[in-house]
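Laboratory data are not the source of any read-out in this text; all were calculated from the coordinates shown. Given the structure is predicted, the values throughout are model-derived calculations rather than measurements. Positions of Cβ are backbone-derived with ideal geometry, glycine not excepted, and every protein chain shown enters the neighbour counts.
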Amino acid sequence: MMPELGKYAGAVLGSYAATAVLIAGLVGLTLWQSVRMKRALAEAEARLGDK
Amino acid sequence: MKALLLRDLRLALRSGGGFGLGLAFFFLLSVLVPLGVGPEGGMLGRIAPGILWVGALLACLLSLDRIFALDQEDGSLDLLATAPIPLEAVVAVKACAHWLVTGLPLTLIAPGLGVLLNLPPGGYGWLVLSLFLGTPALSVIGAFGAAVTVGLRRGGLLLSLLVLPLYVPTLIFGAEVVRRGTGGMALATPLALLAAISLGAAALLPFAAASAIRVNLR
Amino acid sequence: MSIWEYANPKKFMALSAGALPWTVGLTVLLLATGLVWGFFFTPDDYRQGSTVKIIYLHVPAAMMAINAWIMMLVTSLIWIIRRHHVSALAAKAAAPVGLTFTLVALVTGALWGQPMWGTWWAWDPRLTSFLILTLFYLGYIALWAAIEDPDTAADLTSILCLVGSVFALLSRYAVNFWNQGLHQGASLSLDKQENVADVFWLPLVVSIAGFILLFFTMVLLRTRTEIRSRRLKALLARERVA
């Protein structure tokens, strides 16, 4: 299943791994901020009891 | 406008620091670089154009935050904003004053530092000319950066982060002129482009800077 | 009914809530298709060997890094001219995404350059321009972070984005002038002669589409968070007054 990468395996796999880490970091950060903000807003709205 | 220019010049010269600090920094850098990279003359001569230009750029950066910050603290920036002369002109005058107390002296002492850095003989004229044409751009771009960060409490570090990327084209063309000048190569193109950046920046950036000040004073 | 209707935060929230599941699904589908296809089912290039597989990450990331800045420029202009808050917040939301893509392009480029050019980094015009673009993103993000009042921040960052765009373009030409390039020409262009070979082309297009949607999804999500944060601030301010 795994394609034959030959002597460049390190570079190719490294690229995919580095990209995965960077993008996962961005997505994770975005989701985390989103969830946190949603919760904070829900709390504030509940406390103030409007709308 | 003339009164404003004179006032700015007087303030810069009197309040100490602002005027001498940039020059001293420029001088120090030219002393430290050979200590860091070694005394070998050929190499120093090769990197001298770049070092001198980077040094001028950083020395310029040191005094940027004073362009508007002092006026903002004592409230005279609000007065200037409501003064009969347009804010764009105020920015232009202040950038000009900044250039007169930093860019111009830097240009004048640069040949002396060129000697320290073993700059080849053919380079001195081009060094002075390129700094003379390029440092106005540094002052105007810097005035824009100072205008954007004027309302911030710790704007100094942010100011350098904003301004340094904007300095890239000026630095590239400026150092290129000197490098080509020392090598005796054709340098009309980078010289013309350097002058074009200075003129373009001086013509357009005061408008951007003035609108940033208006936002900050709101 | 004009496009400006969606500049209303409430409308934007409703619309984006409906759109998000679709864009997330499409992003995953396209990225998975493009990358799996590219990684497992394309042959090696006769000169570059298996490193050609890096193209499916490098080219889309580099494209989107530049397009993200252009999108920020457009939304900044819309903010300055029409003063729609959603527009300014979308520009703010796009910056970290653009920065991430810039880093992806730089890192994958370095990993590819090591075996191909024999060096991780060269001061080649394209590489240098990307490094400068990174600096612009950093400055822009730092300025947003430094200013407390949201409208002032939106105004100043918009002005910075406009001026920065001009200087970024200038830097691009300056850098070209400063050093001859090592980097190959465009991988995709309308001129068929310059294009990459067909076997690589289709999976590349799919993965570019995937990156575009990834960008779109991320910006939607982050803009929603920014809008909520503005609402939270408004609520807290009201609470203090009451």
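Tabulated results
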quantity	calculated
Residue-averaged 222 nm ellipticity for the protein assembly as shown, from DSSP H runs of 4+ at -39500 (n - 2.57), nearest 500	-28000 deg cm²/dmol
Per DSSP, loop chymotrypsin sites (Phe, Trp or Tyr not before Pro) in the stretch C:1-104 with at most 11 further Cβ within 10 Å	C:PHE41, C:TYR46
Extension reserve of the C:ALA14-C:PHE177 stretch, reckoned as 0.36 nm per residue once the Cα distance is removed	53.8 nm
C:ARG47-A:VAL21 FRET efficiency (beta carbon distance; Förster radius 30 Å; 0.05 resolution)	0.55
Rh by Kirkwood over Cα pairs, then Stokes-Einstein D for the protein assembly as shown at 0.890 mPa s and 25 °C, µm²/s	97 µm²/s
Prolate/oblate/rounded label for the stretch B:2-217 (Cα gyration tensor, a/c 1.5)	prolate
Inverse mean reciprocal Cα-Cα distance (Kirkwood Rh) of chain C, Å	19.7 Å
For chain C: lysine pairs under 20 Å (alpha-carbon distance), excluding those fewer than 8 apart on one chain	5
The stretch C:1-96: trypsin sites (Lys or Arg not before Pro) falling in loop per DSSP and having at most 16 other Cβ within 10 Å	C:ARG47, C:ARG83
Highest-MSF residue in chain B out of B:PRO49, B:PRO136, B:PRO39 [GNM, Cα springs under 10 Å]	B:PRO39
For C:145-155, mean number of other protein chain Cβ atoms within 10 Å	4
Shape of the stretch C:8-85, Cα gyration tensor, a/c cut at 1.5	oblate
C:ASP149-B:ARG153 FRET efficiency (beta carbon distance; Förster radius 22 Å; 0.05 resolution)	0.95
Area projected by the alpha carbon convex hull of the stretch B:110-153, averaged over all directions, nm²	4.2 nm²
Scattering curve values for the stretch B:1-80, log₁₀ I(q)/I(0), Debye with Cα scatterers, q = 0.11, 0.22 Å⁻¹	-0.43, -1.00
